[in-house]
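Worksheet: one structure, shown below.
The values are calculated or read from the model by the stated rules, or taken from the named source; none is laboratory data. Only a predicted model underlies this, so the values are computations on that prediction, with no experimental measurement involved. Reconstructed Cβ throughout: ideal geometry from the backbone, glycine too, with neighbour counts over all protein chains shown. For accessibility, only protein heavy atoms count, side chains too; no ligands or nucleic acids. Shrake-Rupley method; radii C 1.70, N 1.55, O 1.52, S 1.80 Å.
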Amino acid sequence: MKSIQRFLRAAAVALAVLPGLSLAAYPEKTITMIVPWAAGGSTDILARLVAQHMSQSFGQSVVVENRSGASGNIGSAFVARAKPDGYTLLIGSMSTHTMNQALYATMPFDGVKDFSPIAELALVTNTMVINPEVPAKNVAEFIAYAKAHPGMVAYASAGAGSTNHLSAALFQKATGVQMVHVPYRGGAPAVLDTVAGRTQLLFSAGTQTLPHVKTGKLRLLAVTEDKRSPLLPDVPTVAETVPGYELAVWYGAFGPAGMDPAVVQKLNTEINRILALPEVQKQMGDIGVQVMQTTPAEFQKTLARDADKYGKLVRELGIKADE
């Protein structure tokens with residue numbers, strides 16, 4: 001009997017220390033960070049910045065892999081099906097996790113239930129920009145121009161059902177303008193065609209638009225949040241012209257559901273350390289990104305809240321993704 005009791009006590013001690021041992025060893029190999037959008041987009045920029053610093057700190061390679069398509073569903077589903085060991089991560093956006101459930105008749109994952117929220121990375125200043133050939137200097141002038149040319153103004157997006165699409169659809173509903181939607185496979189080509197004048201309007205993250213605004217290739221009219229961005233205090237909100245208009249975009253880090261909470265916490269601590277670095281804050285601020293520092297629990301609450309909020313908005317607007 002005593003030998004059995006000693007065995008059980010030893011087993012209990014071993015089980016108690018296993019999480020600590022696995023945490024101390026993590027990571028032991030390359031971490032793959034999936035971006036479910038095309039290379040060069042705002043999510044990709046953030047992912048590569050985090051991956052660079054994480055590689056240096058962990059002493060292991062952190063490889064960014066782009067798996068674009070289906071409004072972020074392809075890359076996100078890949079991570080949802082991955083082994084929850086902390087070696088396959090996702091840098092996703094509010095669109096993949098809070099909107100797509102309402103956009104698609106069938107989904108390969110549940111944006112809330114099938115992931116382990118790790119950290120909210122940033123609030124990305126969402127901008128309303130136009131090609132400079134459009135004769136409008138502010139939101140009111142653009143509305144007047146669009147109403148005078150119904151169906152002749154084209155707006156670009158990163159794909160049907162993307163935040164770019166939702167922003168413009170909400171703008172159409174709020175103002176009554178009639179525009180043509182031109183979807184692309186990712187934000188980068190949508191920006192390039194707006195710069196080239198093949199499309200006239202784009203709602204997109206400042207990470208993608210502000211460099212072109214600085215060179216005069218795009219004209220910045222407004223931001224879409226409910227209040228002015230501390231990074232762009234002189235730029236008005238759309239709501240200052242169109243009362244009630246608001247759309248905020250965040251990016252976050254996720255793993256598959258069922259990850260070891262200790263590994264989640266280690267990743268959260270490391271990501272928050274990276275986001276607090278002065279050089280990272282400056283680099284992000286220069287392109288219109290306000291970095292965040294949240295716990296996994298806080299990010300989980302944001303995820304659940306916005307899944308309800310934006311799911312209802314998508315259904316109200318009648319937006320459907322191209323399937």
request  = Please tell me which of these pairs span more than 19 angstrom C-alpha to C-alpha: LYS83/LYS113; LYS137/LYS214; LYS83/LYS320; LYS113/LYS266; LYS147/LYS320; LYS147/LYS227?
outcome  = LYS83/LYS320; LYS113/LYS266; LYS147/LYS320; LYS147/LYS227
Sequence-separation-based contact order of the chain, relative, with Cα cut under 8 Å and 6+ spacing, percent = 26
key: Difference of contour (0.36 nm per residue) and Cα-Cα distance, HIS149 to ASP286   = 45.8 nm
query = Summing Lys, Arg as +1 and Asp, Glu as -1, what charge do residues with Cβ under 15 Å from the Cβ of GLY41 carry, GLY41 excluded?
reply = 0
Accessible area in square angstrom per residue, the chain, 1.4 angstrom probe = 43
task = Using a 1.4 Å probe and counting only protein heavy atoms, arrange SER93, SER68 so the residue with the most accessible area comes first.
result = SER68, SER93
inquiry  = Full-extension gain between ALA276 and GLU240, please, as 0.36 nm times their residue separation minus the C-alpha to C-alpha distance.
reply    = 9.8 nm
task = Report, as a whole number in µm² per second, the diffusion coefficient that Stokes-Einstein gives for segment 65-178 at 10 °C and 1.306 mPa s using the Kirkwood radius over alpha carbon pairs.
result = 97
request  = On each of the three principal axes of the Cα atoms of segment 157-304, give max minus min coordinate, whole Å, ordered largest first.
outcome  = 50, 31, 30
query = For the chain, with only Lys/Arg (+1) and Asp/Glu (-1) charged at the beta-carbon, what is the dipole magnitude about the Cα centre, in debye rounded to 20?
reply = 520
ask   = Two-decimal Rg/Rh of the chain from alpha-carbon positions, Kirkwood Rh?
value = 1.05
inquiry  = Once neighbouring chains are kept in place and the probe is 1.4 Å, which whole percent of the accessible area of segment 112-254 is contributed by carbon and sulfur?
reply    = 55
request  = At 0.36 nm per residue, minus the direct Cα-Cα distance, what do LYS113 and LYS83 gain on full extension? Give it in nm, one decimal, please.
outcome  = 9.3 nm
query = Using a basic spin-label model with each label point 7 Å from the Cα along Cα→Cβ, how many nm lie between THR106 and ALA39?
reply = 3.2
key: Cα→Cβ-extended label distance, 7 Å offset, between GLU65 and ALA196, nm   = 3.0
